[in-house]
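> Take this structure first; my questions come after.
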Amino acid sequence: MRGKAGWGALLLLPLGIVFASLFVGRYPVSFKEVVGALFGVQGVSPTARTLVLSVRLPRALGAALVGMDLALAGAAFQGIFRNPLVDSHILGVSSGAAFGAALALLLGVPWYLIDGVSFLFGVLAVGLVILVARRFGGTVLVLVISGILVGSLFNALLGAIKYMADPLDVLPAITYWLLGSLSGTRWGAVWKLLPVSLFGAGALMLLRWRLDLLTLDEREAASLGVNVQRLRTGVVLVGTLLVASAVSQAGMIGWIGLITPHAARALVGPGHSRVIPVSAAMGASFLLLLDLISRSAMGSEIPLGVLTGIVGVPAFLLLFMRYLAKGGGWL
């Protein structure tokens, strides 16, 4: 996988899955119809054209962007905290972002402002985690415990939102959304996700060498010209923006930001110039595959949060055992 051919195949894998997803669903669409719809060929039925271009294609692209955002945020958080067991859930970002988005839904905030509200509460959550961790020593254990506490606080506040929501209208929408779903993803959602994804990926790639330096001791990194606190703050904000954008669109989807950076490091090594693009490709591919299972395995859609938990827990257990076997270092 370290060769150019393996790299290219891995980075192109999400595009292949996006194309394959156009054929999957309860309504069968032939290869000729899919290609005809994509390239505007005459003779394709209106139903097939609408299904491919207005339903399946935006949903597949949305799944790829959400998976990419979560994987990029996970890789970034693991890098800046020098801990491969950190992700947005452990830091409380997902819980804060979910509370913000649920609050926006409860208050009837316009859809184009939900990302902003989600982002603000995600930043608030991770800010509280860092503040508490620094106050009590800043060790990895304190960081994890702080994240659990802050995440529990926002989960409790989220419960209060659900208690106050209209049980016939808003509450079912919030509950289903929290389980994770891409069923309502259309082109408007893709255009919201795309600039955030491109900005986040570009920013992290520009910072890739500095992220490598953070694997050193803070004093060593500072001696090489890195402003550690400023870099961490900037990366946290970028990662929080990515998570908030994903959560506001698809709900709570766990494990992707934790597992895919592990798998990327196992394939291409610890350097962020390789880990960041490979994590993005693997995260996009992983969520695309799970979304295909979600909408085709049963008569009704399986929530994505359920599927990621079923797949993610045993995968994480294997990775964690490997992490311990290597003495607690990077995979």
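The values are calculated or read from the model by the stated rules, or taken from the named source; none is laboratory data. No experiment lies behind these values; they were computed from the predicted model shown. Glycine gets a Cβ as well: all are built from the backbone with ideal geometry, and neighbour counts include every protein chain shown.
> Which condition breaks for Val196 when tested against (1) in a loop (DSSP other than H, G, I, E, B); (2) closer than 18 Å to Gly96 by Cβ?
The one condition Val196 does not meet is (1).
> If only one of Leu242, Leu216, Leu211, Leu206 is surrounded by fewer than 21 Cβ atoms within 10 Å (Cβ to Cβ) and either at pLDDT 80 or above or touching a strand residue (DSSP E or B) at 6+ places or on another chain (Cβ under 6 Å) (or both), which one is it?
Details: Leu242 fails: surrounded by fewer than 21 Cβ atoms within 10 Å (Cβ to Cβ); Leu216 fails: either at pLDDT 80 or above or touching a strand residue (DSSP E or B) at 6+ places or on another chain (Cβ under 6 Å) (or both); Leu211 fails: surrounded by fewer than 21 Cβ atoms within 10 Å (Cβ to Cβ).
Unique residue meeting the criteria: Leu206.
> Here's another thing I want to ask about it. Can you list the helices (runs of 4 or more DSSP H) lying wholly within the range 28-126 that have 1 or more residues being surrounded by fewer than 16 Cβ atoms within 10 Å (Cβ to Cβ) and at negative phi? Working first, answer last.
Numbers: elements: 31-39, 46-50, 57-80, 93-107.
Where helices (runs of 4 or more DSSP H) fall fully within the range 28-126 and carry at least 1 residues being surrounded by fewer than 16 Cβ atoms within 10 Å (Cβ to Cβ) and at negative phi, they are 31-39, 46-50, 93-107.
> Can you work out which of the residues in the range 29-87 that are without any contact (Cβ under 8 Å) to a residue 40 or more places away in the chain and basic (Lys, Arg) is nearest to Val190 (Cα to Cα)?
Filtering first and then ranking leaves Arg56.
> Here's another thing I want to ask about it. Every residue in the range 267-326 that is surrounded by fewer than 17 Cβ atoms within 10 Å (Cβ to Cβ), in a loop (DSSP other than H, G, I, E, B) and aliphatic (A, V, I, L, M), please.
Hits for the range 267-326 are Ala297, Met298.
> Something else now. Name the single residue that is farthest from Pro84 (Cα to Cα) among those in the range 257-274 being in contact with a Phe, Trp or Tyr (Cβ under 7 Å, 6 or more places away or on another chain) and among the aliphatic types (A, V, I, L, M). Spell out how you get there, then give the answer.
Going residue by residue through the range 257-274, those that are in contact with a Phe, Trp or Tyr (Cβ under 7 Å, 6 or more places away or on another chain) are 258-260, 265, 270.
Now narrow it down to the ones that are among the aliphatic types (A, V, I, L, M): 258-259.
On the way: Leu258: 8, Ile259: 9 Å.
That would be Ile259.
> Identify, from the list Val132, Val150, the residue that is in contact (Cβ under 8 Å) with a residue 12 or more places away in the chain, more than 15 Å from Ala98 (Cα to Cα), β-branched (Val, Ile, Thr) and assigned to a helix (DSSP H, G or I). Explain how you work it out, then say what you get.
Values: Val150 fails: more than 15 Å from Ala98 (Cα to Cα).
None of the other options fit; the residue is Val132.
> Between residues in the range 15-27 that are within 11 Å of Arg56 (Cα to Cα) and residues that are surrounded by 15 or more Cβ atoms within 10 Å (Cβ to Cβ) and among the basic types (Lys, Arg), which pairs lie under 7 Å by C-beta distance while being six or more apart or on different chains?
From the range 15-27, the pairs are Ser21/Arg56; Leu22/Arg56; Gly25/Arg56; Gly25/Arg295.
> From the list Val55, Val86, Val44, exactly one residue is modelled with pLDDT of 90 or more and among the β-branched types (Val, Ile, Thr). Which is it? So that I can check it myself, show each step before the final result.
Values: Val86 fails: modelled with pLDDT of 90 or more; Val44 fails: modelled with pLDDT of 90 or more.
Of Val55, Val86, Val44, the one residue that is modelled with pLDDT of 90 or more and among the β-branched types (Val, Ile, Thr) is Val55.
> Let me ask something else. If you check Ala201, Ala222, which single one turns out to be of a type outside the set (Val, Ile, Thr), touching a residue at least 12 places away in the same chain (Cβ under 8 Å) and either touching a helix residue (DSSP H, G or I) at 6+ places or on another chain (Cβ under 9 Å) or outside any helix (DSSP H, G or I) (or both)?
Details: Ala222 fails: touching a residue at least 12 places away in the same chain (Cβ under 8 Å).
On inspection, the qualifying residue turns out to be Ala201.
> Pull up the range 102-116, narrow it to residues that are closer than 18 Å to Trp191 by Cα and within 19 Å of the chain's Cα centre (by Cα), then point me to the one that is modelled with the lowest pLDDT.
The first filter runs over the range 102-116 and keeps only residues closer than 18 Å to Trp191 by Cα, leaving 110-116.
With the extra rule that they be within 19 Å of the chain's Cα centre (by Cα), the set shrinks to 114-116.
Values: Ile114: 80, Asp115: 76, Gly116: 82.
If we take residues in the range 102-116 being closer than 18 Å to Trp191 by Cα and within 19 Å of the chain's Cα centre (by Cα), then Asp115 is modelled with the lowest pLDDT.
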